[in-house]
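A short write-up of the structure that comes next.
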Amino acid sequence: MARGIKDRVAILGMGCTKFGERWDCDADQLMVEAYEEAMADAGIDPTQLDAAWLSVGFDAMNIGSSGVPLAMALRLPDIGVTKVENFCASGTEAFRGAVYAVASGAADIALALGVEKLKDTGYGGLPTRTRGTKLDMISVTGSAPGNFAQLAAAYRAEHGVSKDDLKRAMAHVSVKSHANGAKNPKAHLQKVIDMDTVLNAPMIAEPLGLFDCCGVSDGAACAIVTTPEIARALGKHDIVTIKAMQIVSSNGWEAEGAGWNGSYFHTTRVAAARAYQEAGISSPRDELSLLEVHDCFSVTEVVTMEDLHISRTGEGWKDVLDGFFDADGSLPCQIDGGLKCFGHPIGASGLRMIYENYLQLLGRAGERQRSTPPRLALSHNLGGLPSSNVSAVAIVGMLDA
Amino acid sequence: MTGDFGILSVGAYVPRSRLQRSAVHEANAWFAPGLKAMAKGERAVASWDEDAITMGVEAARDALTGLDRAEVGAITLASTSLPYIDRLNAGVIKEALNLADVVTALDVTGSQRAGTSALLRALAGTDGQQHLCIASDLRKARPASEAELAQGDAAAALLVGRGDPIARLLGAHSITVDFVDHFRAEGETFDYAWESRWIRDEGYAKLLGAAVKAALERTGLTGAEIDRALIAVPVRGVPEVIAKKTGIRAEALADTLAATIGDAGSAHPLLMLAAALEEAKPGEKVLLASFGQGVDVAIFETTPAIERWAGPSGVRGALARRKPDSNYMRFLFHRGLLDLDRGMRAEQDQKQVGSSLYRNRKTVLGLVGGRCTKTGTVQFPKTPFSVNPNSRELGTQEDYELAERRARIVTYTADALTYSPNPPCYYGMIDFEGGGRMTAEFVDIDPEDVEVGREMRMVFRIKALDELREFKRYFWKATAAS
């Protein structure tokens, strides 16, 4: 394995818009909002940016198919802008582009910005879209909840978990995220809910009820990265660095091969193992301080706790019910409310997770700040569907962690 | 005709849903109270994703159960509800059945007699090939019409050729007369029908009765010698009138399937023939008569082979695979007669890329996957590189047919969010026996049918409709195996 980029890149500044139904904004206004916060945090002049990456998940609803809209919205100083698209993992993909540019030495300072303007579709949830000419002829056009709901049946069958136990664990995930989101002024949903509300909600895709599903939001998030040396030279004292950056894409084994049982994310298991190796983490359950995972659906979060090698296989649901991942638990997950409540503007989500981890590491998370000072924080950003997906794992931490 | 030539096999398909005629009448009684007399029994109703092609495929698969498809040299599809006016409908069935390209194929249409006329041509046996004669009809009727209650959707298929026939043709007689009991002009959705009393007296009693007599004379048989008389006019009292006129014994009259399936149009005569041959013993004389701008009469004799013939699922199986349905609104919606608000999710453009469908026709229409000739790994779809992670083989896959293989559920859901004309949309991953997997839509399914490990079988259906260009995208779906 490659030696990786641990501590070679630092986060200089970050920004994130309020997520939600931003009826008043176009995508470019959202971009500017996130950018302005990040630039103020970084304390640099736009002329210091060497390169930029832009992530958007749903092309047709947004800004078209190039990096030009970012360059135009921010009036960037004649630099290259690369637009990336990798399902719901697009945000981490943009971050990776900027981080690798700095790690390689090709850029001193690079920007990653993710944006999504989803509330212009005219209906709730993700827009239906093509999977390509060939797959469209032979694949099922399921909704996102339907695609992820299938984890539940397979998980129950594989681990002998009862419908009721799994449903309660799933409900706990959503109750926890709502409790956390209520403390986050930028969150799309800021209302506390109880177990009964979740358990009795209308069914969207068996067994996922309304509160087992995250909605979609408008929003943007931005990161500016550089080397730790330049960060220090620019006057930064507490330096947050990238410890690991791993992305794994399904090659069709799960969907077309034999052996995958439908109850977990093969890609996440591989990406997490590589990320821990890159970051030098041997016991993630003990060493990590915070988790931001891709909780597009409650069941996704449950199985992801296992795929990230935090919980034992088949026992993630027990850890969830035990409160292990609650804000005051041993290893908080979605302390900002997660996709479920902070919101899910697709192209921005991966960057939003890193934004939260960055704030928490620097002790700037306000009312929701983790009491124990965090040292290492993981974000997991997933795109696609369980049988065919992109899984991105990023670990950030204090330079000396 | 020599003794080794005749009907080799029969098959049938009847959609699972059986709309209760009482439910239809209940909804329409305020407007058409006079239809009460017809509001008995049930009629077969195709789902939104079925048409004459898909039902024809299922009937053909049934008829070909256990037989070598390479022997089939010709197929005909008889129907008055062909999905395409200019695209060979039988050609779609050929692809779904994975028949060889050298097969000849023909669509036969224009009357309720289309099925029997095509069958009689095949039974003329001039080309020495096995003929697969399919008849399939899914007609539309105006709400609150007699036709809406009388019709039913179904398909039948017969394999004709040399071999060990279960029935041989003793003789046939056809007449052609432009008797317009009903008609449907180009571009029209519904039939326009004339008074039923006139049709009964002038059409059925006179024309059909005379043709049956002529056929009996031609074969040197008396009506009393007929063991099974299939008068394919599922109208109450008509077969009895014909029997009386022709000396056929009342006990010989076969069930017209009017109460259980309904009038399946051009498929109906072959459906009745399939049902009769499933029950018949050797040496029986079976008379089949169909009506439509003339009459076709065929008289068959069953052979000793019929006792050895295992028989497919057939009409018997189709009648047993039944789900009573009282949802008249759904029936109207699925027939395109009710413009429900389907929401924005239904607006997705379903344009089919023609060149891609042609390249991938075996994959899409035939459900043909790949099998690695080195490792034996089975996969769907076939791809340049094998999916086997332990052996990166390139270009080693041979065609591997999956449609007739059973599969088991790996994952599933019931999706109430995605657009489906029949929500919730059930789907999930399935593993085929012998290898290969796919994520498939589940159809004709009840909540208790879906569980991890449950056995499924594949059915040919409409995947999506391109409503802008009126193109149907066909693909395979899974249903409960039993």
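Quick one: is residue B:340 within 25 Å of residue A:129 (Cα to Cα) and not in a helix (DSSP H, G or I)?
On the way: within 25 Å of residue A:129 (Cα to Cα): yes; not in a helix (DSSP H, G or I): yes.
Answer is yes for this residue.
Given the residues A:221, A:244, which is the only one that is aliphatic (A, V, I, L, M), buried (at least 21 other Cβ atoms within 10 Å of the Cβ) and in contact with a Cys (Cβ under 9 Å, 6 or more places away or on another chain)?
Result: A:221 is the single residue among A:221, A:244 that is aliphatic (A, V, I, L, M), buried (at least 21 other Cβ atoms within 10 Å of the Cβ) and in contact with a Cys (Cβ under 9 Å, 6 or more places away or on another chain).
Tell me, which residue of the stretch B:5-40 that is within 27 Å of the chain's Cα centre (by Cα) and part of a loop (DSSP other than H, G, I, E, B) is surrounded by the most Cβ atoms within 10 Å (Cβ to Cβ)?
As a first pass, look at the stretch B:5-40 and keep what is within 27 Å of the chain's Cα centre (by Cα): B:5-25, B:38-40.
Filter once more, keeping what is part of a loop (DSSP other than H, G, I, E, B): B:14-16, B:39-40.
Values: B:14: 32, B:15: 27, B:16: 18, B:39: 16, B:40: 14.
Residue satisfying both the conditions and the ranking: B:14.
Do the conditions hold for residue B:340, that is, is it more than 11 Å from chain A (Cβ to nearest Cβ), within 29 Å of the chain's Cα centre (by Cα) and surrounded by 15 or more Cβ atoms within 10 Å (Cβ to Cβ)? Before you say what the answer is, go through the steps one by one.
Working: more than 11 Å from chain A (Cβ to nearest Cβ): yes; within 29 Å of the chain's Cα centre (by Cα): yes; surrounded by 15 or more Cβ atoms within 10 Å (Cβ to Cβ): no.
Criteria not met by residue B:340.
If a residue must be under 26 Å from the mean Cα position of the chain (by Cα) and polar (S, T, N, Q), how many such residues does the stretch B:395-438 contain?
2
Answer with yes or no whether residue B:64 is over 28 Å from residue B:403 (Cβ atoms) and either basic (Lys, Arg) or touching a Leu at 6+ places or on another chain (Cβ under 8 Å) (or both). Show your work before the answer.
Working: over 28 Å from residue B:403 (Cβ atoms): no; either basic (Lys, Arg) or touching a Leu at 6+ places or on another chain (Cβ under 8 Å) (or both): yes.
No, not satisfied.
Being in a loop (DSSP other than H, G, I, E, B) and within 11 Å of chain A (Cβ to nearest Cβ) is the filter here, so list the residues in the stretch B:435-456 that pass it. Quick ask: steps written out before the conclusion?
Initially, the stretch B:435-456 is screened for residues in a loop (DSSP other than H, G, I, E, B), giving B:435-436, B:443-446, B:450-454.
Hits for the stretch B:435-456 are B:435, B:436, B:450, B:451, B:452, B:453, B:454.
Scan the stretch A:377-398 residue by residue and report those that are surrounded by fewer than 24 Cβ atoms within 10 Å (Cβ to Cβ) and hydroxyl-bearing (Ser, Thr, Tyr).
A:388
Right, residue A:245: in contact with a helix residue (DSSP H, G or I) (Cβ under 9 Å, 6 or more places away or on another chain) and free of Cβ contacts under 8 Å to residues at least 40 places away in the same chain or not? Let's see the steps before the verdict.
Details: in contact with a helix residue (DSSP H, G or I) (Cβ under 9 Å, 6 or more places away or on another chain): yes; free of Cβ contacts under 8 Å to residues at least 40 places away in the same chain: no.
It is false that residue A:245 is in contact with a helix residue (DSSP H, G or I) (Cβ under 9 Å, 6 or more places away or on another chain) and free of Cβ contacts under 8 Å to residues at least 40 places away in the same chain.
Taking the condition in the same structural domain as residue B:135 (by TED's automatic domain parsing), crowded, with 24+ Cβ neighbours inside 10 Å and at pLDDT 95 or above, does residue B:319 pass? First the steps, then the outcome.
Numbers: in the same structural domain as residue B:135 (by TED's automatic domain parsing): yes; crowded, with 24+ Cβ neighbours inside 10 Å: no; at pLDDT 95 or above: yes.
No: the conditions fail for residue B:319.
Just one of B:398, B:470 is of a type outside the set (A, V, I, L, M), more than 13 Å from chain A (Cβ to nearest Cβ) and within 23 Å of residue B:56 (Cβ to Cβ); which is it? Break it down stepwise before answering.
On the way: B:398 fails: within 23 Å of residue B:56 (Cβ to Cβ).
Checking each option against the conditions leaves just B:470.
Go through (1) within 10 Å of another protein chain (Cβ to nearest Cβ); (2) surrounded by 15 or more Cβ atoms within 10 Å (Cβ to Cβ) and name the single condition residue B:359 misses.
That leaves (2) as the condition not met.
Show me the helices (runs of 4 or more DSSP H) found entirely inside the stretch A:111-229 where at least 2 residues are within 14 Å of chain B (Cβ to nearest Cβ).
On the way: elements: A:135-138, A:144-159, A:163-181, A:195-199.
Ranges flagged: A:135-138, A:144-159, A:163-181.
Residues that are touching an Asp or Glu at 6+ places or on another chain (Cβ under 7 Å), surrounded by fewer than 24 Cβ atoms within 10 Å (Cβ to Cβ), assigned by TED's automatic domain parsing to the domain that holds residue A:33 and over 24 Å from residue A:275 (Cα atoms): does the stretch A:79-87 have at least one? Let's see the steps before the verdict.
Pass one, the stretch A:79-87, residues touching an Asp or Glu at 6+ places or on another chain (Cβ under 7 Å): A:79, A:84-86.
Okay, now just the ones that are also surrounded by fewer than 24 Cβ atoms within 10 Å (Cβ to Cβ), so A:79, A:84-86.
Subsequent filtering for residues that are assigned by TED's automatic domain parsing to the domain that holds residue A:33 retains A:79, A:84-86.
Then drop every residue that is not over 24 Å from residue A:275 (Cα atoms), which leaves A:79.
Yes: one or more hits.
Any residue at all in the stretch B:379-390 that's more than 11 Å from every other protein chain (Cβ to nearest Cβ), surrounded by fewer than 20 Cβ atoms within 10 Å (Cβ to Cβ) and outside any loop (DSSP other than H, G, I, E, B)? Give the derivation first.
The initial filter retains those residues of the stretch B:379-390 that are more than 11 Å from every other protein chain (Cβ to nearest Cβ), namely B:384.
Going one step further and asking which of them are surrounded by fewer than 20 Cβ atoms within 10 Å (Cβ to Cβ), we end up with B:384.
Narrowing further to those that are outside any loop (DSSP other than H, G, I, E, B): none.
No, every residue in the stretch B:379-390 fails to be more than 11 Å from every other protein chain (Cβ to nearest Cβ), surrounded by fewer than 20 Cβ atoms within 10 Å (Cβ to Cβ) and outside any loop (DSSP other than H, G, I, E, B).
Any chance you could count how many residues in the stretch B:45-78 are of a type outside the set (A, V, I, L, M, F, W, C) and assigned to a loop (DSSP other than H, G, I, E, B)?
At the first step, the residues of the stretch B:45-78 found to be of a type outside the set (A, V, I, L, M, F, W, C) are B:47, B:49-51, B:54, B:56, B:58, B:61-62, B:65-66, B:68-69, B:71, B:73, B:76.
Applying the additional criterion that residues be assigned to a loop (DSSP other than H, G, I, E, B) yields B:47, B:49-51, B:65-66, B:68.
Result for the stretch B:45-78: 7.
Residues in the stretch B:383-391: is at least one farther than 30 Å from residue B:276 by Cβ and either among the charged types (D, E, K, R) or under 25 Å from the mean Cα position of the chain (by Cα) (or both)?
Taking the stretch B:383-391 and keeping what is farther than 30 Å from residue B:276 by Cβ, we get B:383-391.
Now restrict to residues that are either among the charged types (D, E, K, R) or under 25 Å from the mean Cα position of the chain (by Cα) (or both): none.
No, the stretch B:383-391 has no match at all.
The values are calculated or read from the model by the stated rules, or taken from the named source; none is laboratory data. Given the structure is predicted, the values throughout are model-derived calculations rather than measurements. Every residue, glycine as well, gets a Cβ built from its backbone with ideal geometry; the counts of neighbours run over all protein chains shown.
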